[in-house]
There are 2 protein chains.
Amino acid sequence: MPSPTDRNTTPAFLARDDALRRLQAPVDASLREVQERIGDFFTTPIVLIDEVSRHLLSTPGKKFRPTLLLLVAGMKKEPGPKEIRSACVLELIHTATLIHDDSVDKSYLRRGIPTVNSLWDDQVSIIMGDYLYTKAFHSLLEDGYHDVAEIVARCAFRMSIGEMLQIEQKSDPDVTEEAYDQLIQEKTASLISASCEVGALLGWGPGENQRRMAAFGTDLGMAYQITDDLFDYVGDERVMGKEAGSDLREGKITAPLIRALRNAPAEEAARMKALVRSGEALRPALWSDVLGFVEKHRGLEESRQRALGFAERARTRLLSCDDSPHLRCLLEAVDYAVQRDR
Amino acid sequence: MPSPTDRNTTPAFLARDDALRRLQAPVDASLREVQERIGDFFTTPIVLIDEVSRHLLSTPGKKFRPTLLLLVAGMKKEPGPKEIRSACVLELIHTATLIHDDSVDKSYLRRGIPTVNSLWDDQVSIIMGDYLYTKAFHSLLEDGYHDVAEIVARCAFRMSIGEMLQIEQKSDPDVTEEAYDQLIQEKTASLISASCEVGALLGWGPGENQRRMAAFGTDLGMAYQITDDLFDYVGDERVMGKEAGSDLREGKITAPLIRALRNAPAEEAARMKALVRSGEALRPALWSDVLGFVEKHRGLEESRQRALGFAERARTRLLSCDDSPHLRCLLEAVDYAVQRDR
């Protein structure tokens with residue numbers, strides 16, 4: 001098999017993201033350790049796994065979930081081996097999910113880089129995802145981190161339910177906002193929530209803080225995903241690393257369109273639903289129609305409001321925390337979730 | 001989506017398997033409980049999962065791995081909730097692996113029944129497998145069965161390595177017997193070994209018995225897989241539920257061909273390797289050539305000997321066990337692994 005990693009070049013837009021760097025400052029050293037340890041996870045005696053691994057490691061990602069874990073735990077104590085290992089595992093689980101997702105969605109680009117399923121095939125995607133999932137659980141249990149494994153297993157289970165819901169809701173313009181909210185809560189918010197929950201567990205031990213930080217993560221995750229949905233309608237392709245309208249082309253009816261369909265007069269909504277059902281809306285020429293519809297019926301504006309609402313709720317969950325650099329960065333993470341440009 | 005499960009009919013050959021029924025006799029009541037509990041695992045509020053689940057539950061399988069766990073544990077004590085839950089989890093993990101395997105191998109039939117990837121698609125296979133994997137770990141950790149989860153996680157990790165090795169060795173006639181043995185040890189023997197190891201852990205607690213029964217399971221698993229490889233060369237399609245030569249058509253160079261290639265004079269081996277590499281050997285018309293080659297160069301005969309050798313080694317691991325109906329059935333399970341007709 002030729003090495004498809006040779007084709008990689010890091011796009012310029014990945015080089016900087018000041019807001020992210022700023023909020024990661026208090027846990028910077030730990031994040032560097034996480035990145036190193038993740039490299040170890042990917043090292044195997046099997047040539048094929050190593051090729052795919054090199055490709056995946058060439059674009060390290062934002063490490064948003066490890067950052068949250070380390071910031072939350074760091075409000076209480078210095079990070080130790082258990083925090084580092086747990087942060088690695090959350091990033092591995094996240095990566096495994098992305099690989100399986102891209103294969104399910106038949107996506108060809110992620111962060112401007114070809115996906116595993118496009119460089120290799122769905123088969124390699126299935127196996128690489130399984131490898132990372134099982135390696136993640138194995139490494140937690142091997143070290144006796146049962147309490148963390150319990151949270152991660154529940155979360156991984158919820159994410160698989162979210163994936164199923166996504167297939168079920170595919171190309172269905174009649175999906176309700178409640179059903180869509182459930183989907184993103186399982187699929188995206190659950191892992192962000194688990195990151196914060198594990199952070200609290202490691203910082204304070206089991207109890208009220210754990211529950212509160214899990215709830216904080218859920219709200220943050222909802223804000224994050226709805227903002228993501230908006231990017232697909234208003235994002236700049238050069239910044240996003242993928243074309244606008246990608247979600248809809250993959251059959252994903254997301255927050256802005258769902259809200260616009262809810263707001264539009266019955267007749268206009270019916271016309272748009274018919275268009276979506278026919279697959280016509282997926283044609284590039286009709287994208288501006290969809291965009292116009294979503295704008296006209298306040299799909300963008302109100303989704304933005306919803307994202308900000310979740311962000312506000314997340315912030316209030318932090319009210320009882322003592323002031324610290326870590327707390328301030330967590331608040332910045334909330335801003336980042338709704339203000340980032342990709 | 002139409003319900004592909006409507007197309008199911010249970011083939012006659014699944015209706016009876018006396019040898020299996022006999023060796024399952026001492027744990028029959030527990031196995032029925034396992035089957036019921038597995039039904040609960042598959043019940044969800046999500047229509048799509050339930051459709052796939054109904055399809056999977058319509059062909060319950062042999063439950064060879066739960067049987068082993070229950071027989072081993074039963075040598076020492078009556079099965080309780082932990083044994084039942086662990087047996088369910090091993091069957092779920094096995095099912096998840098089969099679903100991902102069939103998708104990776106692009107198989108259309110398993111036990112004479114259409115696979116998930118053929119009735120739905122690779123996407124549903126990915127997600128259904130993930131659902132079962134994560135549900136399995138979640139349910140073990142939720143109940144606090146950390147010691148079992150640790151063994152299962154190590155095993156699931158090894159199986160993913162086995163899958164990778166399988167892709168790496170695909171259609172490569174130069175694969176050595178040692179490399180192939182490693183593949184089947186990771187891919188098949190690891191789960192059979194884990195079943196016996198968990199049984200011993202639950203029966204006796206951690207220690208020497210656990211290690212001995214894990215080794216017993218590894219030998220049994222090797223015998224089981226090499227016998228399986230032989231079926232692809234000599235099996236009766238009506239009994240097997242799939243055509244002879246399926247492995248080779250999927251690019252799997254298995255024990256009988258590897259051994260024949262090792263035994264054949266250099267020139268003949270080179271001719272067969274060229275045929276395999278060109279994909280010509282995969283044409284139905286050439287199957288009798290391959291079969292003739294494998295027979296002539298003692299690939300069947302010697303693989304059969306190897307399977308029997310592993311079975312014998314498995315039996316000796318049981319020498320120090322006290323006589324009991326469970327022990328006698330475990331010895332029958334060893335016979336079954338090498339004498340079953342599918």
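The values are calculated or read from the model by the stated rules, or taken from the named source; none is laboratory data. Values in this document were obtained by computation on a predicted structure and should not be read as measured data. All Cβ positions, glycine included, derive from the backbone under ideal geometry; neighbour counts span all protein chains shown.
Overview of results
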| quantity | calculated |
| --- | --- |
| Extreme residue, farthest from the chain's Cα centre (by Cα), among residues of segment A:64-79 that are in a helix (DSSP H, G or I) and of a type in the set (A, V, I, L, M) | A:Ala73 |
| Those residues of segment B:244-274 which are basic (Lys, Arg) and out of contact with any Ser or Thr (no Cβ under 7 Å at 6 or more places or on another chain), in sequence order | B:Arg249, B:Lys252, B:Arg262, B:Arg271, B:Lys273 |
| Search result, residues across segment B:145-160 that are facing chain A (nearest Cβ under 8 Å), without any contact (Cβ under 8 Å) to a residue 40 or more places away in the chain and out of contact with any Leu (no Cβ under 6 Å at 6 or more places or on another chain) | B:His146, B:Phe157, B:Ser160 |
| Of all residues in segment A:29-63 being assigned to a loop (DSSP other than H, G, I, E, B) and of a type in the set (A, V, I, L, M, F, W, C), the one that is farthest from the other protein chains (Cβ to nearest Cβ) | A:Phe42 |
| Within segment A:104-118, tally of residues that are within 14 Å of chain B (Cβ to nearest Cβ) and touching a residue at least 60 places away in the same chain (Cβ under 8 Å) | 5 |
| Subset of segment A:126-144 [more than 8 Å from every other protein chain (Cβ to nearest Cβ) and in contact with a Ser or Thr (Cβ under 7 Å, 6 or more places away or on another chain)] | A:Leu132 |
| The one condition in (1) closer than 28 Å to A:Arg21 by Cβ; (2) loosely packed, with under 13 Cβ neighbours inside 10 Å that A:Ala266 fails to fulfil | (1) |
| Flag for B:Trp204 being at pLDDT below 90 and either surrounded by fewer than 21 Cβ atoms within 10 Å (Cβ to Cβ) or facing chain A (nearest Cβ under 10 Å) (or both) | no |
| Filter result for B:Ala179 (among the small types (Gly, Ala, Ser) and either away from chain A (no Cβ under 13 Å) or surrounded by 18 or more Cβ atoms within 10 Å (Cβ to Cβ) (or both)) | no |
| Among the residues listed as A:Lys106, A:Lys77, the single one being under 26 Å from A:Leu141 (Cβ atoms) and surrounded by fewer than 22 Cβ atoms within 10 Å (Cβ to Cβ) | A:Lys77 |
| Among (1) touching a residue at least 12 places away in the same chain (Cβ under 8 Å); (2) over 18 Å from B:Cys196 (Cβ atoms), the one test that B:Ile127 misses | (1) |
| Pair list, Cβ < 7 Å and 6+ apart or interchain, from segment B:297-318 residues that are without any contact (Cβ under 8 Å) to a residue 40 or more places away in the chain to residues that are in a helix (DSSP H, G or I) and surrounded by fewer than 18 Cβ atoms within 10 Å (Cβ to Cβ) | B:His297/B:Asn263; B:Arg298/B:Asn263; B:Arg315/B:Leu331 |
| Among (1) within 25 Å of A:Asp143 (Cα to Cα); (2) surrounded by 21 or more Cβ atoms within 10 Å (Cβ to Cβ); (3) at pLDDT 95 or above, the one test that B:Arg154 misses | (2) |
| Search result, residues across segment A:292-325 that are more than 17 Å from the chain's Cα centre (by Cα), under 19 Å from A:Gly221 (Cβ atoms) and not aliphatic (A, V, I, L, M) | A:Ser303, A:Arg304, A:Gln305, A:Arg306, A:Gly309, A:Glu312, A:Arg313, A:Arg315, A:Thr316, A:Arg317, A:Cys321 |
| Residue match in segment A:89-102 (condition: outside any helix (DSSP H, G or I), at pLDDT below 90 and out of contact with any strand residue (DSSP E or B) (no Cβ under 6 Å at 6 or more places or on another chain)) | no |
| Selection status of A:Ile184, under 14 Å from the mean Cα position of the chain (by Cα), closer than 21 Å to A:Arg262 by Cα and touching a residue at least 24 places away in the same chain (Cβ under 8 Å) | yes |
